[in-house]
Number of protein chains: 2
Amino acid sequence: MNSTQRHEEVVTGPEERAGRTVVLGTETPLTLDSGTELGPFTIAYETYGQLNDEKSNVILVCHALTGDQFVTGINPVTGRDGWWPLMVGPGLPFDTDRYFVVCANVLGGCMGTTGPRSDDPKTGRPYGLSFPVITIKDMVRAQAMLLDHLGIDKIFCVSGGSMGGMQALQWTVTYPERVHAAIPIGSAAHHTAQNIALHEVGRLAIMGDTDWHGGDYLSHNAIPRAGLSVARMAAHISYLSEAAMHRKFGRQLQDRETLSYGFGADFQVESYLRHQGEVFVERFDANSYLYLTRAMDYFDLIAEYRGVLADAFQGSPTRFCIISFTGDWLFPTSENRTIVHALNAAAANVSFVEIESDKGHDAFLLDEPEMFETIRGFLRGAAEHWSGTTQ
Amino acid sequence: MNSTQRHEEVVTGPEERAGRTVVLGTETPLTLDSGTELGPFTIAYETYGQLNDEKSNVILVCHALTGDQFVTGINPVTGRDGWWPLMVGPGLPFDTDRYFVVCANVLGGCMGTTGPRSDDPKTGRPYGLSFPVITIKDMVRAQAMLLDHLGIDKIFCVSGGSMGGMQALQWTVTYPERVHAAIPIGSAAHHTAQNIALHEVGRLAIMGDTDWHGGDYLSHNAIPRAGLSVARMAAHISYLSEAAMHRKFGRQLQDRETLSYGFGADFQVESYLRHQGEVFVERFDANSYLYLTRAMDYFDLIAEYRGVLADAFQGSPTRFCIISFTGDWLFPTSENRTIVHALNAAAANVSFVEIESDKGHDAFLLDEPEMFETIRGFLRGAAEHWSGTTQ
């Protein structure tokens, strides 16, 4: 831990509504996986609940691709609910009457943490594509620097779904001694060919938009709206299941009795997707989307350990709870089971729950009582084996 | 049958390399489902094998979304193999030593049949978006006019995969008395919400491309390359299975040893998809893609029969062979089984085969011995119950 790191609290970050921010890496920059040194950089984060005197009640929540630090309550940027309101709060599984929940916008993000939309201190202009490509491990390193800043040595539990689950896994591998328990949900030890392919479609939609201007759209006072919207729509389909789409929309028409014989949004599912795309463009940066999808594509704990994933977890002191959903075709149970097998091979402490749900990959964000009960039970057990106290 | 229809053989159609073409609907236009009248219009088609004296050995092949009339041999436009070379030819399941195989480019297509790229005879300029939205049934009606022109009353068998399967089904419903046997492969009685959603992403990618120019790109000497390419990439992912992509590409890098930490095509699957997109732009018209995907989305035999699909097949004299593939998540077995159940409820003559394959929706185009054997056997049986002769 770089406890010698100089840092300062700032009231506003690059995003004026980003809430709490801290500037890190001023004296000692962060060396990224690419070899590039990054610093100073800003991390925007939120906390929920109270840190106890022993600093032993920390739950680090890691957000997914398009998530942010606003886990619950009203997101001041979007004016909408946070993304995990059923998980984090008083009396909820991540009980803020008991735990101190920390969530930081990831490196490369666009909600206050330094990313391609931020100004490069060397030029005073937005990084754009000159921002270095970052990895899941880089995100985790930056989070560790944030915890150093907060004086938190060890975290009781780290959790997240999808890209958040990748970060949770990476935490247990990069900083095993700092993580008592981990709950990666709907995650994987590497991104599959199909996942990479879906991301590539989204990236080319963005980069093919003439308003992208080689990544320099801010200088051109433009936004690659059409491309980013298409990227979101394609991704959104992959977050749902066929069954969920059928149940939700079927072939129902939108605000009409008969087919239009045209190319408007005749069907509800078309109207819904278009809306998802439009809303997303208002809240998300196109270049950030490129960088974060790339980080997910690059994630490969299996290759990092030369094909033997168990080696990643040898001697791990962490207690794991791996959760998957039957209806998730993006991060299917098979990928999660690969993690479980490796943990078993490394004689790690692991629970595995596959939850019956037809809601697709997004299930981890939704009302899934079995997930909540699983996590409550796992945290109870983890607390019993915890040298600190979470009360 | 409009045997009074005036028609003429022309040597070259709108596409000079489109092969055989015929102009139809000159005196009596085709009334489309939208209510619009279309005529005159050109149908480009190919035939393989010899029509027997009784005109009783006709197999009508219907192509899929991006297919065309060049079923086998070298496609003169692309210079590549036709799309069903393992199915159609001497000694193959659709044996051209025995059968007379006819395949027409669908209405709305871009390989010689009239579509949005064709000149509107009223203006002398390309239709663009003024081309009427067409349906699967409209495609089938146009094919029936072609068969009338060829003097063919009844077809021994109609077959096709995907959108071709939709046409085959529609043939049995619209012209039951003209169809002795039908083999819809990897098909469905309606397009699902997920299928519509995937198409909508492709359409918005095209329509969001500034080079689309509201559909009038030909006048602007432009092509919406980026958008059409993205549409193809997204669709292509849906034609494969996760297993096939994993087997074919995994996380293998393309022409490099290490990650680039950039946004080029690091992974083989990215390179492959980009190539698919680029090649497609060279051979396919963007507006045609809009019209044909729309026709598929609009296809709904179930709604047409007020929710009772069996009513579509009441008293059907046709012998059906329905084929699905286990690894097809776009037109899954469940959708094909819906057709089978309706046929059974209508006491129609139906065989159903689900073929074990992890090659995804594209399996019908590939070397699937069980599919070939099924079709050979089915055709043998169909020939035994055929009042004509196929010898």
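Before moving on, here are some points about what is shown:
- Sparse-neighbourhood loop sites, GluC sites (Glu not before Pro) in segment B:249-339 - DSSP loop, at most 10 other Cβ within 10 angstrom: B:257
- At q = 0.10, 0.19 Å⁻¹, base-10 log of I(q)/I(0) for segment B:195-295 (Debye sum, equal scatterers on each alpha carbon): -0.32, -0.94
- Contour minus Cα-Cα distance for residue A:345 and residue A:52 (0.36 nm per residue): 101.9 nm
- Shortest first, residue A:369 label-point distances to identical copies amount to 5.1 nm, with the label point at 7 Å from Cα along Cα→Cβ.
- Of all DSSP beta bridges in the protein assembly as shown, antiparallel share, percent nearest 5: 40
- Relative contact order (%) - criterion: Cα under 8 Å, at least six apart; region: segment B:195-295: 30
- Across A:166, A:245, A:145, mean-square fluctuation computed from a Gaussian network of chain A (C-alpha pairs under 10 Å connected) peaks at A:245.
- D by Stokes-Einstein for the protein assembly as shown, Kirkwood Rh over Cα pairs, 10 °C, 1.306 mPa s: 56 µm²/s.
- Share, in percent, of DSSP beta bridges within segment A:236-391 that are antiparallel, nearest 5: 10
- With an a/c value of 1.5 or above and a/b larger than b/c for the gyration tensor axes a ≥ b ≥ c computed over the alpha-carbon atoms, segment B:40-136 is described as prolate.
- With its label point put 7 Å out from Cα toward Cβ, residue B:356 sits 2.7 nm from the same residue's point in the other copies, in order from shortest.
- Residue exposure proxy: A:172, B:42, ordered by other Cβ atoms within 10 angstrom of their Cβ from fewest to most, comes out as B:42, A:172.
- Rounded to the nearest whole Hz, the Karplus-based 3J(HN,Hα) values (6.51 cos²θ - 1.76 cosθ + 1.60, θ = phi - 60°) of segment B:40-52 follow the sequence x, 9, 9, 10, 9, 8, 10, 10, 9, x, 10, 6, 6, with x at glycine and proline.
- Contact order for chain B, expressed relative to its length and based on alpha carbon pairs under 8 Å spaced 6+ residues apart, stands at 17 percent.
- Low-density loop positions, trypsin sites (Lys or Arg not before Pro), segment B:288-385 - DSSP coil, at most 10 other Cβ in 10 Å: B:306
- Counting only residues at least eight positions apart within a chain, or on another chain, the lysines with an alpha carbon under 28 Å from that of residue B:55 are B:137, B:154.
- Which of A:361, A:385, A:199 has the fewest Cβ neighbours within 10 Å, and the rest in rising order: A:385, A:361, A:199
- Cα-based shape type of chain A, given that a ≥ b ≥ c are square roots of the gyration tensor eigenvalues and the cut on a/c is 1.5: oblate
- Overall shape: prolate for segment B:227-341, with the ratio a/c of the largest to smallest alpha carbon gyration tensor axis at 1.5 or above and a/b above b/c.
- Look at where the Cα atoms of segment B:78-154 and of segment A:161-195 average out, and the two centres are 51 Å apart.
- Inter-copy label distances at residue B:248, shortest first and taken from points set 7 Å along Cα to Cβ: 2.8 nm.
- Once C-alpha pairs closer than 8 Å and six or more residues apart are averaged by separation and normalised to the residue number of segment B:227-373, the relative contact order reads 27 percent.
- Distance from the alpha carbon centroid of segment B:277-356 to that of segment A:41-59 works out to 55 angstrom.
Every number in this text was worked out from the coordinates using simple rules, so none of it is lab data. Not measured: the values here are computed from a predicted model. Methodologically, a virtual Cβ is constructed for each residue, glycine included, from the backbone with ideal geometry; neighbour enumeration extends over all protein chains shown.
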